[in-house]
1. Could you pull out every one of the helices (runs of 4 or more DSSP H) wholly within segment 61-134 that has 3 or more residues that are over 29 Å from Lys34 (Cβ atoms), in contact (Cβ under 8 Å) with a residue 60 or more places away in the chain and of a type in the set (D, E, K, R)?
2. Here are some conditions: (1) at pLDDT 95 or above; (2) within 23 Å of Asp57 (Cβ to Cβ); (3) over 17 Å from the mean Cα position of the chain (by Cα). Trp128 meets all but one. Which one does it not meet?
3. Do we find that Gly30 is in a loop (DSSP other than H, G, I, E, B) and either touching a Pro at 6+ places or on another chain (Cβ under 6 Å) or loosely packed, with under 13 Cβ neighbours inside 10 Å (or both) in this structure?
4. Considering segment 14-24 alone, what residues qualify as being surrounded by fewer than 16 Cβ atoms within 10 Å (Cβ to Cβ) and touching a helix residue (DSSP H, G or I) at 6+ places or on another chain (Cβ under 6 Å)?
5. Please find, within segment 152-168, the residue that is farthest from Asp57 (Cα to Cα) out of those that are at pLDDT below 95 and of a type outside the set (A, V, I, L, M, F, W, C).
6. For segment 198-213, which residues satisfy the criterion of being surrounded by fewer than 21 Cβ atoms within 10 Å (Cβ to Cβ) and either not small (Gly, Ala, Ser) or not in a loop (DSSP other than H, G, I, E, B) (or both)?
Amino acid sequence: MSLRIINSDSLLTYPYVYPVLVSKAFLEEGFYRKLKADWPDFRKFRAEAHYKSPRRDVVTVKGNKNYLKLNETFRQLFDLFDSRDFRNFLFGKFNIAQARKNGLTESPENSILQMSICEATDGYETPWHVDTRRRIIHFLIYFGSPSLQGGEFGIAEHRKERSILHYKQYPNLMNLRNARYFSPHDNVAVFILSQNDSYHRACKTKGLRRFVYCSYNAGSGYAWKTGKWGGHSK
């Protein structure tokens, strides 16, 4: 699958305490507009509620029923992200050797891609958290909506723990600082190396928030060393 449908030079390292990449125009403009025009009709897919929130996800993995129902444009997007060329490009942007020092145990090259096509409406937000420890890298691409207010994507720095194993899924908010926010404008993409201190959130949404959420995951078990990760920190 050709990398020509992405603006590879636009994906830049964001100066932060954990690895983050940001692009303000990630997909080639013509392809992006076609994706936006071909946005799927969720009634034709198995759309899942996201943790009982006002968000629904069309979850696709290679060969599942949702994948087989994708239109040509979104199938092309999935196949790009699942291609060896894109994986090599993206993984090369992150310092995987350093990630292994920070607890990464799985090889990104052998990861499984999951692409979710998402719609969130009034009241949707998530708390500060770290994703499942199966996650190696995750990223979002936004599809702007005239009705959308809020819905920013936030990242935050956690105070230093004695060990990378000590971070919890949900932080004590008193331990967070240096928060940064990205507006969900057309074609904005944010990529995160999902290490144990990669705290992030979605801010409260009013209106329609459309985005594609992708992740590269371990086939089984955790991708990161961790202690008693689940739950809240003190």
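The values are calculated or read from the model by the stated rules, or taken from the named source; none is laboratory data. A quick note: this is a predicted structure, and the numbers were derived from the prediction, not measured. Because the Cβ atoms are built from the backbone with ideal geometry, glycine has one as well, and the counts that use them run over all protein chains shown.
1. Values: elements: 65-69, 72-81, 84-93, 96-101.
Result: empty, no element qualifies.
2. It fails just one condition, (3).
3. It is false that Gly30 is in a loop (DSSP other than H, G, I, E, B) and either touching a Pro at 6+ places or on another chain (Cβ under 6 Å) or loosely packed, with under 13 Cβ neighbours inside 10 Å (or both).
4. If the condition is that a residue be surrounded by fewer than 16 Cβ atoms within 10 Å (Cβ to Cβ) and touching a helix residue (DSSP H, G or I) at 6+ places or on another chain (Cβ under 6 Å), then no residue fits.
5. Arg162
6. Of the residues in segment 198-213, the ones surrounded by fewer than 21 Cβ atoms within 10 Å (Cβ to Cβ) are 201, 203-204, 206-208, 210, 213.
Of everything in segment 198-213, those that are surrounded by fewer than 21 Cβ atoms within 10 Å (Cβ to Cβ) and either not small (Gly, Ala, Ser) or not in a loop (DSSP other than H, G, I, E, B) (or both) turn out to be Arg201, Cys203, Lys204, Lys206, Leu208, Arg210, Tyr213.
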